[in-house]
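Derivation of every value follows stated rules applied to the coordinates shown; laboratory data play no part. These numbers were taken from a predicted model, which means no experiment stands behind them. Note that each Cβ is placed from the backbone with ideal geometry, even for glycine, and that neighbours are counted across all protein chains shown.
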Amino acid sequence: MNKDSIWWTRKAWINAERRLLLCAHWSNISLFWFSLCGVFASVLLLGEEKPEVISKVFICFSVFVFCVSLFTSLGRYKERANEFKQGYIELQQLYIDVKSKSAPSEDDINNYSKILHSCENHSSLDFINAKVEAYKNTTDKKDLTITAGTMDFIIYYSIKIMNVMMYMLIFTFPISVIYTCLG
């Protein structure tokens, strides 16, 4: 363990917290949107000529919304994000303590290990985000002990594109179900 390990772990944990809070936010938005569309479609399709098909579609849609709500609650996104936040705050304090020393003490190493065990590990994507963001925000790239490579940038921007596509799918899926029922 050295001060760079502490710094990079902290950066990755900040990204993990951000990712989990974003998941919590989008889970809530998608549940609201699916519920709103379900109510809207139920009112819109009242009195349609094919009630057996429409009721089967909306039973499936209701089960889908139920599954999404279970998935959201089981993810415990905000609770996990808070654990990462507490951890990176402790890592920041440890980094400040170790930064001025030539080598970390045994207490510092034990404290680092204790902090690491306080919550789950970050994902590899969180570390890739940390590397790319550090690279983008550093004027003198020689100051970085770990630099983002070409593959890191490809993964970073691919994830950004996939997230946008996922958000578009979240909003278009219920509308396409309603449109299919009307058609």
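For the chain, find the longest principal axis of its Cα atoms and tell me its angle to the long axis of helix 3-44, 0 to 90°, nearest 10.
10
Loop only per DSSP, at most 16 neighbouring Cβ atoms within 10 Å: give me the GluC sites (Glu not before Pro) in the stretch 1-60, ordered by residue number.
Sparse-neighbourhood loop GluC sites (Glu not before Pro): GLU48, GLU49.
At a Cα cut-off below 16 Å, give the aspartates and glutamates reachable from LYS56, other chains included and same-chain residues fewer than 8 away excluded.
Hits, sequence-local ones excluded: GLU48.
Rounded to whole Å, give me the distance from the Cα center of the stretch 20-40 to that of the stretch 155-174.
15
Quick one: helix 150-182 against the long Cα principal axis of the chain, what's the angle to the nearest 10°, folded into 0 to 90?
Around 20 degrees separate the two axes.
Mind checking the log10 I(q)/I(0) for the stretch 3-182 at q = 0.08, 0.09, 0.10, 0.18 Å⁻¹? Debye, one equal scatterer per Cα, no solvent, two decimals.
-0.41, -0.49, -0.57, -1.15
Estimate the FRET efficiency between PHE40 and ARG76 by the formula 1/(1 + (r/R0)^6), using the beta-carbon distance for r and 30 Å for R0, to the nearest 0.05. Display every interim value, and only then the final one.
Numbers: r = 30 Å, r/R0 = 1.00.
It comes to 0.50.
Can you figure out the FRET efficiency of ASN121 with GLU52, using R₀ = 41 Å and their beta-carbon distance, to the nearest 0.05?
After rounding, the FRET efficiency stands at 0.25.
Which residues in the stretch 139-170 have a backbone N closer than 20 Å to a point placed 7 Å from the Cα of ASN28 along the Cα-to-Cβ line?
167-168, 170
Using a 10 angstrom Cβ neighbour count of at most 13 plus a DSSP loop assignment to flag exposed trypsin sites (Lys or Arg not before Pro), which longest range of the chain is free of such sites? Walk me through the numbers on the way to the answer.
Details: sites that count: ARG76, LYS101.
Longest gap between qualifying sites, sites excluded: 102-183.
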